[in-house]
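Student: Take a look at the following structure, please.
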Amino acid sequence: MSSTRVLTGITTTGTPHLGNYVGAIRPAIAASRDPSVEAYLFLADYHALIKNQNPDEVAQSSREIAATWLALGLDPETTFFYRQSDIPEITELSWVLTCLAAKGLMNRAHAYKAAVQTNVESGEDPDFGITMGLFSYPILMAADILIFNAHQVPVGRDQIQHVEMARDIAQRFNHHYGEIFTLPEAVIDDHVAVLQGLDGRKMSKSYGNTIPLFGTPKQLQKSINKVKTNLLEPGEPKDADDSTVFQLWCAFADETERARMRQAFADGIAWGEAKKQLFERVNDELAPARARYEHLMAHPGDVEAILISGAARLRPQSEGILAKVRQAVGLRPYS
Ligand code: TRP
């Protein structure tokens, strides 16, 4: 039996923060070490253009995100690690799928519908600021998934619909042109922690409440000192379950350390002391990766070579399936 192909993409926008690390990067790297899966992990840089049209920011985010995953232990020997834009067959396939995907299906995509609704609510034209990229993005995502015949796609809840659309499009293709694509399935991990940000809401770039992953230790300490607490004095018992400091602690501590900190809260640990311990714990976990990150950012050629080699190993596969697709749809040599 061949192994399960598990594929996921990371849109290359923004700078990685602790929430990305705990909620997505750490579990994905752990999962990629499972010898029974064939892991595909790619930088969705064409997707980044939907959200960001500043070329320098696009280039910078892509470099930072690639270096982040490598620094945190992604092994490019055992995981296929590549840039979407280095596999031209993905965008070629995307057009073929665009000619088959129903517009009505795209009309139902949550991200597009939300953008329309925001426009309508603010009295704008419904299409204001909506590009064809945003509208047809689920088709590009379908091409990402189908080009490598992925079985499973681990995604956050907001992306389930897109994986279902990919499945729908694959089914439509197979029905019309013959069985070429594997039907993918979304995999949701309900155990994945959603980290709280500085203000206690979900840590998210859009809330501006994030703790950057690879700042200097000083910056990390400063961020942690900004985490919201209440006015309880040292010596007053504190409710661990109602504390962002404790929630962050749990994301970095094992069972024993969690129990110890819970007790310290009940015993009235001072907020300053709890934050100091939190900083030390997070910093200890991140320090080796931070050093690797800084090295990789200072040697972009190393990262480039890893990604180029990842794509080179995969091109025979993507070219193979695209050749089948062309044949199937009637783009054939004349002789
Ligand atoms: N759209 C995904 C996100 O924003 C990223 C992504 C692009 C992706 N292509 C993919 C995820 C293919 C899984 C499979 O999170």
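Student: What nm value, rounded to one decimal, do you get for the distance between Asn107 and Gln263 when each label is placed 7 Å out toward the C-beta?
Tutor: For Asn107 paired with Gln263, the spin-label model returns 6.3 nm.
Student: Let me ask something else. For Val187, which sequence-distant residues (separation of 5 or more, or a different chain) have an amide H within less than 5 Å of its own amide H, given hydrogens modelled in the peptide plane?
Tutor: Those qualifying (amide H under 5 Å, at least 5 residues apart or on another chain) are Val153, Val155.
Student: Put Glu77, Glu319, Glu257 in order of accessible area, largest first, 1.4 Å probe: what do you get? The partial results should precede the final answer.
Tutor: Working: Glu77 145, Glu319 85, Glu257 50 Å².
Greatest to least solvent exposure: Glu77, Glu319, Glu257.
Student: State in Å² the accessible area per residue of the chain; use a 1.4 Å probe, count heavy atoms of protein chains only, and round to the nearest integer. Walk me through the numbers on the way to the answer.
Tutor: On the way: 17220 Å² over 335 residues.
Accessible area per residue: 51 Å².
Student: Can you tell me the convex hull volume per residue for the chain, based on C-alpha atoms, in Å³ to the nearest whole number? Spell out each step's value before the answer.
Tutor: On the way: hull volume 54.5 nm³, N = 335.
Hull volume over Cα atoms, normalised by residue count, gives 163 Å³.
Student: Just the accessible area for Arg157, please: 1.4 Å probe, Å², rounded to the nearest 10?
Tutor: 150
Student: On a 23 Å Cα-Cα criterion, which of the cross-link pairs Lys113/Lys205; Lys51/Lys228; Lys202/Lys222 come out too long?
Tutor: Values: Lys113/Lys205 21 Å; Lys51/Lys228 30 Å; Lys202/Lys222 19 Å.
Beyond 23 Å: Lys51/Lys228.
Student: Another question about this same structure. With the full set of protein chains in place, find how many percent of the accessible area of the chain is carbon and sulfur; take the probe as 1.4 Å. Before the final figure, lay out each step's value.
Tutor: Working: 9150 of 17220 Å².
Heavy-atom surface of the chain belonging to carbon and sulfur, 1.4 Å probe: 53 percent.
Student: Something else: I need the per residue convex hull volume for the range 3-142, using only the alpha carbons, in cubic angstrom as a whole number. Provide the component values of the computation, followed by the final result.
Tutor: On the way: hull volume 19.2 nm³, N = 140.
Looking at the range 3-142, the number lands at 137 Å³ per residue.
Student: Would the range 201-258 count as rounded, prolate or oblate if I go by the C-alpha gyration tensor, calling it rounded below 1.5 in a/c and otherwise prolate when a/b exceeds b/c, oblate otherwise?
Tutor: Working: a/c = 1.65, a/b = 1.43, b/c = 1.16.
Prolate.
Student: Using alpha-carbon positions, what is the distance between the centroids of the range 199-268 and the range 98-141, in Å?
Tutor: The range 199-268 and the range 98-141 have Cα centres spaced 38 Å from each other.
Student: Let me ask something additional. Roughly what % antiparallel, to the nearest 5, for the DSSP beta bridges in the chain? Mind dumping the intermediate values first?
Tutor: On the way: 2 of 19 bridges.
Roughly 10 percent of the beta bridges in the chain run antiparallel, per DSSP.
Student: Further question on the same structure: Applying the Karplus parametrisation 6.51 cos²θ - 1.76 cosθ + 1.60 with θ = phi - 60° to the phi angles of the range 298-303, what ³J(HN,Hα) value in whole Hz is obtained for each residue in order, glycine and proline being reported as x?
Tutor: My calculation for the range 298-303 gives 7, 10, x, x, 5, 5 Hz in order.
Student: Taking 30 Å as R0, compute the FRET efficiency from the Cβ-Cβ separation of Met297 and Thr4 and round it to 0.05.
Tutor: Working: r = 33 Å, r/R0 = 1.11.
For Met297 and Thr4, the calculated efficiency is 0.35.
Student: If you build the convex hull over the alpha carbons only and average its shadow over all orientations, what do you get for the range 166-318? Give it in nm² to one decimal.
Tutor: If you wrap the Cα atoms of the range 166-318 in a convex hull and average its projections, you get 13.4 nm².
Student: Something else: Mind ranking 202-214, 15-27 by how tightly packed they are, going by the mean number of other C-beta atoms within 10 angstrom, highest first?
Tutor: On the way: 202-214: 17.2, 15-27: 20.8.
Packing order, densest peptide first, comes out as 15-27, 202-214.
Student: Continuing with this model, one more query. Once every DSSP H run of n ≥ 4 in the chain is given -39500 (n - 2.57) and the sum is divided by its residues, what mean residue ellipticity at 222 nm do you get, rounded to the nearest 500 deg cm²/dmol?
Tutor: On the way: 13 runs with 180 residues, N = 335.
Helix contribution divided over all residues of the chain: -17500 deg cm²/dmol.
Student: With a/c under 1.5 counting as rounded, go ahead and sort the range 214-295 into rounded, prolate or oblate using the C-alpha gyration tensor (a ≥ b ≥ c being the square roots of the eigenvalues; past the cut-off, prolate if a/b is larger than b/c, else oblate).
Tutor: Working: a/c = 2.86, a/b = 1.77, b/c = 1.62.
Note, shape of the range 214-295 comes out prolate.
The values are calculated or read from the model by the stated rules, or taken from the named source; none is laboratory data. This one's a predicted model, so the numbers in the text were calculated from it and none came from an experiment. Cβ atoms come from the backbone with ideal geometry, glycine included; neighbour counts cover every protein chain shown. Keep in mind that these areas ignore ligands, DNA and RNA; they rest on the heavy atoms of the full protein, side chains included. Shrake-Rupley method; radii C 1.70, N 1.55, O 1.52, S 1.80 Å.
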